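The values are calculated or read from the model by the stated rules, or taken from the named source; none is laboratory data. Because the structure is a prediction, the values reported are computed rather than measured. With ideal geometry, Cβ positions are generated from the backbone for all residues, glycine too; neighbour counts draw on all protein chains shown.
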Amino acid sequence: MENRNPREERDRSRRQRNKYSKAAIAIMLTPVLLVALIVFGIVSCSVNNSKKQETPTASSSTSAKPVEKTESFRMSVAGDYIIYSAIYDDAEKLAGGNGYDFSPMVENLKQFTKNCDVNYYSQETVLAAYDGLSPSTYPMFVSPTEAGDAMVNLGYNLVSTATNHAMDGGEQGILSECKYWKKQKNVLMAGTYDSQKSRDAIKIKECNGITYTMLNYTYDTNGIPTPEGKDYMVNIWPTDLSINNPEADENYQAYKKQVKKDIDAVRDKVDFLIVAIHAGVEYMPDESAYQDDMAEFLSENDVDLMIGTHPHVIEPARYVGDMMCYYSMGNLLCSQYQDENYNKVTSILSTFTVKKTKSNGKVKIKLEDMDNQLLYCYYEKKARNDFKIIPFSNKQIKEYLPEYKQVYKTYKNVFLKLDKTLPFADCA
């Protein structure tokens, strides 16, 4: 047997008793502690939750999203409206000897304009066949004002008039056209003017809380100058197509100062800025170097939408920076020759929502819900009458254009050449 020291035995015995006593106490206290902890935890959580509900923390109040305000309107954009003698002769017959009636020719456009707040088209020919001026046709167009009436009655309220035919009626033509448009309530016309004051006036329209305006320029007036000292009559951004080189064109580059001045005069006063450009090379399915340069210049100066007309055929569309650019809408109404490609009698009609978002004092404009339609300008070839604008989405297209599927495919590809992501309406 091992000899043990009594003192060591007592100490060991005491340590074992203390150990067992502590364990027993711990066992007895555990339920009490658990209840206390649970109760304290519930009370603590209740207090904390109550505090959170009563007083938001600094982090939650500062991380709140800024309030955004959105407003919008619906807009349509159409091409060149060119009134040849065959068209106004037909309109005269439709009126039964009482002026001219163009409404049956354009009535199919109502399906688009009735759903839009702002409707644009290009008035290629001067509406001045009154006040002593008679209707005339190519190469010097003067058109009956009833042609404008038909469009205004459809809801067209945004019109560009600076075209290469703007001076066809001379000074009297410009004065008569301006007189006509001033009588049209709620219509914003831009491009031709009867005075310097009128040219420099800032014209602003508002729709659904969105302010907008339009500037308009043409590349030339077919060599017919404006009267001496009256350059204000037509906005001419000159281009020299013989060189087709905007960088080397001094007159073209110099006029950029005027365009920028016009933009700067309105840019901070409107939410949505449109510029209509009458330029390009006739019958070419691609934009010119000038059109590209104009688009880049306008985009750099914060223009929201560029609408191109004049080439008489459809050209591509694309975004240039944040600016939507239609290089050429094509002929909306005309009696030009219908060749195997139908390029002069097809056009684009675009509709979209102009959406304005305002956040922290900053305004952002975006085009949404876009729809690009292909239109056909039908007329009976032999008699050169019975003019009708027919959308390719309309079942009537099968009756008036048997080759409609191939024509549709051709101009869909032209329009989408630079941006295949743009929407394009199906044909019937």
Would you mind stating whether ILE174 is out of contact with any Gly (no Cβ under 7 Å at 6 or more places or on another chain), in the same structural domain as MET140 (by TED's automatic domain parsing) and loosely packed, with under 14 Cβ neighbours inside 10 Å?
no
Being part of a strand (DSSP E or B) and of a type in the set (Val, Ile, Thr) is the filter; apply it to region 215-266 and report the residue that is nearest to ALA166 (Cα to Cα).
VAL234
Report, by residue number, each residue of region 204-227 that is surrounded by fewer than 17 Cβ atoms within 10 Å (Cβ to Cβ) and of a type in the set (Val, Ile, Thr).
ILE204, THR211, ILE224
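State whether the residues of region 270-277 include one that is touching a His at 6+ places or on another chain (Cβ under 9 Å) and touching a residue at least 40 places away in the same chain (Cβ under 8 Å). Explain how you work it out, then say what you get.
Taking region 270-277 and keeping what is touching a His at 6+ places or on another chain (Cβ under 9 Å), we get 277.
Okay, now just the ones that are also touching a residue at least 40 places away in the same chain (Cβ under 8 Å), so 277.
Taking every residue of region 270-277 in turn, at least one turns out to be touching a His at 6+ places or on another chain (Cβ under 9 Å) and touching a residue at least 40 places away in the same chain (Cβ under 8 Å).
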Residues that are closer than 30 Å to LYS93 by Cα and either surrounded by 14 or more Cβ atoms within 10 Å (Cβ to Cβ) or at pLDDT 95 or above (or both): does region 404-414 have at least one?
yes
Any residue at all in region 250-258 that's of a type in the set (Ser, Thr, Tyr) and in contact with a helix residue (DSSP H, G or I) (Cβ under 6 Å, 6 or more places away or on another chain)?
yes
What number of residues in region 175-213 are assigned to a strand (DSSP E or B) and among the aliphatic types (A, V, I, L, M)?
4
Flag for ILE243 being more than 30 Å from THR410 (Cβ to Cβ), surrounded by fewer than 15 Cβ atoms within 10 Å (Cβ to Cβ) and of a type in the set (Val, Ile, Thr)
yes
Restricting to region 324-367, give me the number of residues that are under 17 Å from the mean Cα position of the chain (by Cα) and without any contact (Cβ under 8 Å) to a residue 60 or more places away in the chain.
5
Checking LYS179, LYS185, LYS197, LYS230 in turn, the sole residue that is of a type in the set (Lys, Arg) and modelled with pLDDT under 95 turns out to be LYS185
For region 265-290, what are the residues that are surrounded by 21 or more Cβ atoms within 10 Å (Cβ to Cβ) and either on the phi > 0 side of the Ramachandran plot or not assigned by TED's automatic domain parsing to the domain that holds THR213 (or both)?
GLY280
Give me the residue from region 291-325 that is among the polar types (S, T, N, Q) and buried (at least 18 other Cβ atoms within 10 Å of the Cβ) and, out of that set, farthest from ILE348 (Cα to Cα).
SER299
Listed residues TYR138, TYR120, TYR130, TYR100; which is under 28 Å from the mean Cα position of the chain (by Cα) and aromatic (Phe, Trp, Tyr)?
TYR120
Contact list, first residue from region 404-428 and in contact (Cβ under 8 Å) with a residue 24 or more places away in the chain, second anywhere and β-branched (Val, Ile, Thr), beta-carbon distance below 6 Å, six or more apart or interchain, is TYR404/ILE397; TYR411/ILE314; TYR411/THR346; VAL414/ILE314; PHE415/ILE314; ALA428/ILE397
How many residues does region 148-172 contain that are in contact with a Ser or Thr (Cβ under 8 Å, 6 or more places away or on another chain), in contact (Cβ under 8 Å) with a residue 60 or more places away in the chain and among the hydrophobic types (A, V, I, L, M, F, W, C)?
3
Name the residue that is nearest to ILE243 (Cα to Cα), counting only residues in region 283-297 that are out of contact with any Leu (no Cβ under 9 Å at 6 or more places or on another chain) and not charged (D, E, K, R).
ALA289
